[in-house]
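The structure under discussion appears below in the form of structure tokens.
Coordinate-derived values only; no laboratory data. The shown structure was predicted, so the numbers you read here are calculated from the model rather than taken from an experiment. Note that each Cβ is placed from the backbone with ideal geometry, even for glycine, and that neighbours are counted across all protein chains shown.
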Amino acid sequence: YELENYFMQTHRNNYNVSGLKIHVKMINDNGTAELGEDNGGILRDALSAYWEEFYITRTKGSNLKVLCLSSNVDGDRWQAISTIMLIGYYCEGYFPIKLSPAFLEYALTGFQPPKELLIPEFLQYLPSHDRDIVEKAMKRFNSVDFEEILEFCSDQGVTRNPTEGNFLSIVSDMALLHIIQKPSYVAEAWRHKMEILKPYLKAPIGK
């Protein structure tokens, strides 16, 4: 997390990225610096390594990653992470596309999407076994062993008894909770930097 530590000390409150240049030096396992002085390849390698580690330690999810909060990651560190995102995109066009597009849009705009629209992302967040159960139950509730549905709902902390009539509503509530509500603190911490990023985005987030 050297990048996070660096930006916590330096560019945390820098809101002007125009003309910004970041020079990165990668250190090999033997303690020597990697050859290369450009602001392209080495920076891109550093960003790639950073976000892959970020997905493992700061997120949950299968095909789609959702932020998870931790007591050892405070607001200052989340702000540093947003700086890494901003500078990575501005300097290299590098963006963490595995993160939930709906959450990133929420962080950018502050507008919460209708919970029903979050279901496709929630399905990609779930492990494949749970995803199969939910997809089948949404199409035909009685085609799935009810005990499997109950176990899934219990694992998700659902207190309502699932039925054919309320299952879609239950899944929508789960999607809203995991994708938007739980990490909403991070969205607030990221919003200022995300607003700066908006003019530089060439396509909708996640595309």
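Couple of notes before you dig in:
- Each principal axis of the Cα cloud of the range 33-178 was evaluated for its coordinate range; sorted largest first, these ranges are 62, 30, 27 Å.
- For T59, nonlocal amide neighbours, meaning residues 5 or more places apart or on other chains whose placed amide H falls under 5 Å from its own, are C68.
- Per-peptide packing, taken as the mean over residues of other Cβ atoms within 10 Å, places 75-81, 98-104, 162-168 in the sequence 98-104, 75-81, 162-168 from highest down.
- Packing here is the average count of other Cβ atoms within 10 Å per residue, and on that basis the peptides 42-51, 123-132, 175-184, highest first, run 175-184, 42-51, 123-132.
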